[in-house]
Amino acid sequence: MKPTPEHDARMASMTFASVYPHYVTKVERKGLTKEELHQVIAWLTGYDDQKLQELVNEKATFETFFREANLNPNAHLITGTICGYKVEEIENPLTQQVRYLDKLVDELAKGKKLEKILRQGKAGG
């Protein structure tokens, strides 16, 4: 599937605060912790717990969320399908970044080891 411009606009205007509780529920339902979720989010964005809470409190859109992020240089190593989209083929950078986050949360919830989720690239193993 290829995202439409309307889909991309919807992703940009969606708030992180509206999705974050679903991420927490998804991982906790699988016996994982919010701390593990935060570790995955921190790897992708560079955000610490305090900054995440600020973004939730501010009801930051995903556009703001990723504009302020320090995206991990290995984020491009995130591949696979999420919500019917191949993340590596998404052309809109913001939509791709949101789907990167979705994919990481999905992998965590499915029990994938953190070492695999936090892609280290060829040099890191």
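The values are calculated or read from the model by the stated rules, or taken from the named source; none is laboratory data. It should be emphasised that the depicted structure is a prediction, and the values quoted were computed from it without experimental measurement. For neighbour counting, all protein chains shown are included, and Cβ atoms are generated from backbone atoms with ideal geometry for every residue, glycine included. Please note that ligands, DNA and RNA were not included when accessible areas were found on the heavy atoms of the full protein model with its side chains. Shrake-Rupley method; radii C 1.70, N 1.55, O 1.52, S 1.80 Å.
Sequence gap of 8 or more, or different chains, plus Cα separation below 13 Å: how many lysine pairs satisfy both in the chain? Taking the chain as the scope, the lysine pair count is 10.
3J(HN,Hα) along the stretch 102-110: 4, 5, 5, 5, 4, 4, 4, 5, 7 Hz, from the Karplus curve 6.51 cos²θ - 1.76 cosθ + 1.60 with θ = phi - 60°, whole Hz, x for Gly and Pro. Between Lys34 and Ala17, the simple label model (points 7 Å from Cα in the Cβ direction) yields a spacing of 1.5 nm. The equivalent ellipsoid that matches the C-alpha gyration tensor of the stretch 13-60 spans semi-axes of 18, 13, 8 angstrom, in descending order.
Only one residue of Thr61, Pro93, Leu118 has its Cα farthest out toward the positive end of the dipole of the chain, where Lys and Arg carry +1 and Asp and Glu -1 on Cβ, and that residue is Leu118. The sum of -39500 (n - 2.57) across all DSSP H runs of n ≥ 4, divided by the residue count of the chain, sets its helix-only mean residue ellipticity at 222 nm to -17000 deg cm²/dmol. Of the three principal axes defined by the Cα atoms of the stretch 45-113, the extents in descending order read 30, 28, 22 Å. In the context of the full set of protein chains, residues of the chain present 56 Å² of accessible surface per residue (probe radius 1.4 Å, heavy atoms only). When you restrict to C-alpha pairs under 8 Å that are six or more residues apart and normalise by the size of the stretch 1-108, the relative contact order lands at 35 percent. Of the options [x] 11, 29, 27, 18, 11, 3, 1, 0; [y] 14, 53, 31, 2; [z] 13, 46, 36, 5, only one is P(r) over Cα pairs in 10 Å bins from 0, in percent as computed from these coordinates, and that is [z]. Taking GluC sites (Glu not before Pro) that fall in a DSSP loop and have at most 16 other Cβ atoms within 10 Å as cut points, what is the longest piece of the chain between them? Excluding the exposed sites themselves, the longest stretch runs over 1-57.
Solvent-accessible area of the stretch 34-125 (1.4 angstrom probe, protein heavy atoms only): carbon and sulfur portion equals 46 percent. Put a plus charge on the Cβ of each Lys and Arg, a minus charge on the Cβ of each Asp and Glu, and nothing anywhere else: the dipole of the stretch 1-111 about its Cα centre is then about 300 debye.
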